[in-house]
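Right, one structure below, let's go through it.
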Amino acid sequence: MIEIISYQEFKGNNKDIVDNEFKKLIEKIENKYSVEILSIESNEGEDKDETVQMVCSCSGEEKEEEELYAKLAEINIKFNSFKEYIEYCLNYGADLDVLEPSKLKLSSKEFGDAIAQIIGFFKEFCNKYGIGFNVHIKEEDENIDIEQYKKGIYDEDELFDMGEDGLIRIKAVFEGIGDSENDLIKKIVMSLNDEILVHKITTKTVEIEDDKIPEIKNKFYGVIGVEMLCKPFDIVEIAYKFLPIVVSIENKEIELSGLELQDIGNDLGGAIFELSHGVINRSTN
């Protein structure tokens with residue numbers, strides 16, 4: 001069982017709409033999960049003198065920003081599985097604190113199913129709204145040995161020791177386009193978080209007619225299998241930022257601390273918030 005405290009907040013300039021939408025949200029959560037409402041608060045009746053001042057850049061004059069009506073709920077929720085917890089974070093992304101457990105052991109299948117759930121959710125969201133994450137590619141390292149990555153960087157003893165140190169061995173398969181096969185491999189390596197240890201990379205060209213995808217003309221287009229060692233949090237980040245075709249996990253068991261659970265939940269909520277605001281900002285500009 002996973003137990004959390006979740007903080008849900010609604011803001012708006014129309015009190016009735018905020019109250020109505022807030023009520024519907026709480027009812028949805030109560031109908032789906034084991035819930036105890038710890039508190040519900042609003043800023044109604046707060047001192048109006050605390051209204052924030054903002055500067056109007058066009059005239060240089062100061063004017064008051066309209067104060068938004070806000071409502072906040074503090075909710076205790078218990079989940080029967082890791083997948084149920086991830087489902088909540090995806091659908092009701094919000095700030096949360098994990099109370100229990102201090103450690104959680106999962107089979108690779110249970111963890112893998114949750115990763116597939118994350119990939120599916122973000123893939124559907126990104127396709128629906130035509131948005132995605134801009135993945136930062138670090139400055140190219142001239143010492144990247146492409147041929148060594150194709151053979152494998154580490155021997156079996158080193159891989160075993162890394163597993164004993166808590167790193168998870170996974171293989172993620174991506175689809176990509178590059179000026180060449182080597183160019184695409186470099187981009188993958190340079191876009192991954194520094195704490196991820198890339199062991200081996202394999203590629204396979206995908207044959208497709210240039211007129212169907214004009215941007216691939218005279219470029220390498222294919223799938224890239226990347227074997228790597230990383231922490232559970234990194235796997236979650238890879239899942240929603242890169243939207244791999246598939247992720248396979250070699251470890252039989254995954255262990256998460258309460259803090260790792262909390263970081264994963266809050267990171268997913270933050271990722272959804274970022275994409276949602278990207279959609280809103282694009283529609284209002």
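The values are calculated or read from the model by the stated rules, or taken from the named source; none is laboratory data. In this text, all values refer to a predicted model and were calculated from it rather than measured experimentally. So basically every Cβ, Gly included, is an ideal-geometry build from the backbone, and we count neighbours across all protein chains shown. Heads up: the accessible areas ignore ligands, DNA and RNA and are worked out on the full protein's heavy atoms, side chains in. Shrake-Rupley method; radii C 1.70, N 1.55, O 1.52, S 1.80 Å.
Applying 0.36 nm per residue to the separation of residue 164 and residue 202 and subtracting their alpha-carbon distance, the gain on full extension is 11.2 nm.
Choose one of 137, 94, 172: the residue whose Cα lies farthest towards the positive end of the charge dipole of segment 92-173 (beta-carbon charges +1 Lys, Arg; -1 Asp, Glu; about the Cα centre). Value: 94.
Could you work out what % of the accessible surface of the chain is carbon and sulfur, using a 1.4 angstrom probe and leaving DNA, RNA and ligands out of the count? Write down the numbers at each step before the final one.
Values: 7540 of 16760 Å².
Exposed carbon and sulfur together represent 45 percent of the surface.
A simple charge model with +1 on the Cβ of Lys and Arg, -1 on the Cβ of Asp and Glu and nothing else charged puts the dipole of the chain at about 1280 debye relative to its Cα centre. Largest GNM mean-square fluctuation among 156, 255, 41, using the chain with Cα springs under 10 Å: 156.
Over the C-alpha atoms of the chain, the Rg to Rh ratio, Rh being the Kirkwood estimate, stands at 1.04. Summarising the label geometry, the points placed 7 Å from Cα in the beta-carbon direction at residue 80 and residue 116 lie 2.0 nm from one another.
For a 32 Å ceiling on Cα separation, which of these pairs sit above it: 150/241; 28/109; 24/128; 128/231; 83/151; 28/105? Present the calculation step by step, with values, prior to reporting the outcome.
Values: 150/241 24 Å; 28/109 28 Å; 24/128 24 Å; 128/231 30 Å; 83/151 35 Å; 28/105 29 Å.
Listed pairs above 32 Å: 83/151.
Simple spin-label estimate for residue 44 and residue 279 gives 3.0 nm between the two label positions (7 Å along the Cα-to-Cβ direction from each Cα). Solvent-accessible surface of the chain, averaged per residue with a 1.4 angstrom probe and all protein chains in place: 59 square angstrom. Taking springs between alpha-carbon atoms closer than 10 angstrom, which of 36, 250, 67 fluctuates most in the Gaussian network model of the chain? Of 36, 250, 67, the most mobile in the Gaussian network model is 67.
Between residue 30 and residue 157, how high is the FRET efficiency from 1/(1 + (r/R0)^6) when r is the Cβ-Cβ distance and R₀ = 51 Å? Nearest 0.05. Don't skip to the end; give the middle numbers.
Values: r = 52 Å, r/R0 = 1.03.
Efficiency for this residue pair is about 0.45.
With θ taken as phi - 60° and the Karplus curve 6.51 cos²θ - 1.76 cosθ + 1.60 applied, the whole-hertz 3J(HN,Hα) list for segment 24-34 is 5, 4, 4, 5, 4, 5, 5, 6, 9, 10, 7 Hz, x standing for glycine and proline.
So what's the back-of-envelope 222 nm ellipticity for the chain, counting only DSSP H runs of four-plus at -39500 (n - 2.57) apiece and dividing by all residues, rounded to 500?
Numbers: 8 runs with 114 residues, N = 285.
Counting only the DSSP helices, I get -13000 deg cm²/dmol.
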